Amino acid sequence: MKAKPKLAVWKFASCDGCQLSLLDCEDELLAVADAVHIANFPEASRAVVKGPYDLSLVEGSITTAHDAERIHKIRRQSKTVITIGACATSGGIQALKNFADHTDLIRTVYAHPEYISTLPNSTPISDHIFVDYELRGCPINKEQLLEVVNAFLNGRKPAMPEHSVCLDCKLQGNLCVMVAHGTPCLGPVTHAGCGALCPSYNRGCYGCFGPKENANPRALTVHLQEMGVQRDELLRLYRSFNAYHSEFRKESERIEQE
C-alpha cells in the first residue's frame, strides 16, 4: 500500500486563527485526515512524526532570529511549503512595528525591555525561503484551504478566485457602501475570499485578504480623498492586517510623505 503524504502545520508569530480554520473544517477534516498523515500539528495533537514532509502549512511571520533559522530547517524538510494567512504572507498586524522604531515600542510595552529579543521588522515567510504557494486572509477561508491542500496533493493548480471584493458584493446584491453611505472601503483593491463579509453588514472592507492582482490603490486613494477622507484615516485604512504587503505599504508610505 502506498504511504499517505505527510502533512505538517507550523506556527510562527501569529494568533493561531489560520490553523484553527483547518480544525473548523469539521466533517471535511475527517476526509483530510483520511487522505494524509498529519505528522505535525500542535493545535490538534501532541504526536510528532519526523520529516521529511510532503506538505507543510506555515502560519505566522518571522519576528525573531531563532524563527529566521527555524523556517530554513522546515524548508529543507518539506517538499512543498504553503504559507497561510496575512501574518505568513505579508507580515501581519505585527508588521505595524515596521513603520516605527521597534526599540521605542519595546520600551513602551514591556517593564523590562532588556529581556526582549526581537528582529526590527516582522516579515513574511517568503522573505526568508522559497514558498510554493501563498493563501491569504485574516483568517484564511477554510474552503480555499481545502482546495489548496487538495490541489497540491493531486499535482494540479489550485482553482482560486482572482477578482476583488467588489465583484462579490455585486454577486450578493450589496449596495456599494462607498456610493450609498460614503464609507471608506478597500473592496476595489482587495482580493476576494471573505464573501464580502463586512460590506454585507454596511461596513467598509478592511483588506483582510490583501491586495488583488494588479491592484491600483493610488486610484482608490484619489477617490477616497475626493470623498473627504483625511490623511490619518487613509493611513489607518492601509495599515491593518496586510500593512506590509508591497502595494499597501508603498501607498501608505506615499500618503505619509505628502
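Computed from the coordinates by the stated procedures, all read-outs in this text should not be read as laboratory data. Remember, it's a predicted structure, so these values are computed and weren't measured experimentally. Neighbour counts run over all protein chains shown; Cβ positions are idealised from the backbone, glycine included.
A few notes on this one:
- Cβ pairs under 6 Å, 6+ apart, first in the range 90-112 and touching a residue at least 60 places away in the same chain (Cβ under 8 Å), second loosely packed, with under 12 Cβ neighbours inside 10 Å and among the aliphatic types (A, V, I, L, M): none
- Candidates 14, 56: the one that is surrounded by 21 or more Cβ atoms within 10 Å (Cβ to Cβ) and touching a Phe, Trp or Tyr at 6+ places or on another chain (Cβ under 7 Å) is 56.
- Residue check, residue 25 crowded, with 16+ Cβ neighbours inside 10 Å, in contact (Cβ under 8 Å) with a residue 60 or more places away in the chain and in a loop (DSSP other than H, G, I, E, B): yes
- Positions within the range 170-186 being part of a helix (DSSP H, G or I) and more than 16 Å from residue 141 (Cβ to Cβ), in sequence order: 170, 177, 178, 179, 180, 181
- Scanning the range 173-192 for residues that are surrounded by 24 or more Cβ atoms within 10 Å (Cβ to Cβ) and either small (Gly, Ala, Ser) or more than 11 Å from residue 242 (Cβ to Cβ) (or both) yields a total of 2.
- Selection count where residues are more than 18 Å from residue 97 (Cβ to Cβ) and surrounded by 15 or more Cβ atoms within 10 Å (Cβ to Cβ), scope the range 199-258: 22
- Members of the range 13-42 that are touching a Lys or Arg at 6+ places or on another chain (Cβ under 8 Å) and either closer than 28 Å to residue 118 by Cα or aromatic (Phe, Trp, Tyr) (or both): 19, 21, 42
- Selected residue (criterion: farthest from the chain's Cα centre (by Cα)) from residues of the range 38-53 that are surrounded by 15 or more Cβ atoms within 10 Å (Cβ to Cβ) and not aliphatic (A, V, I, L, M): 51
- Taking the range 29-69 as the range and being more than 19 Å from residue 133 (Cα to Cα) and charged (D, E, K, R) as the test, the residues that pass are 34, 43, 46, 50, 67, 69.
- When residues of the range 1-11 are limited to those that are charged (D, E, K, R) and assigned to a loop (DSSP other than H, G, I, E, B), the one surrounded by the fewest Cβ atoms within 10 Å (Cβ to Cβ): 2
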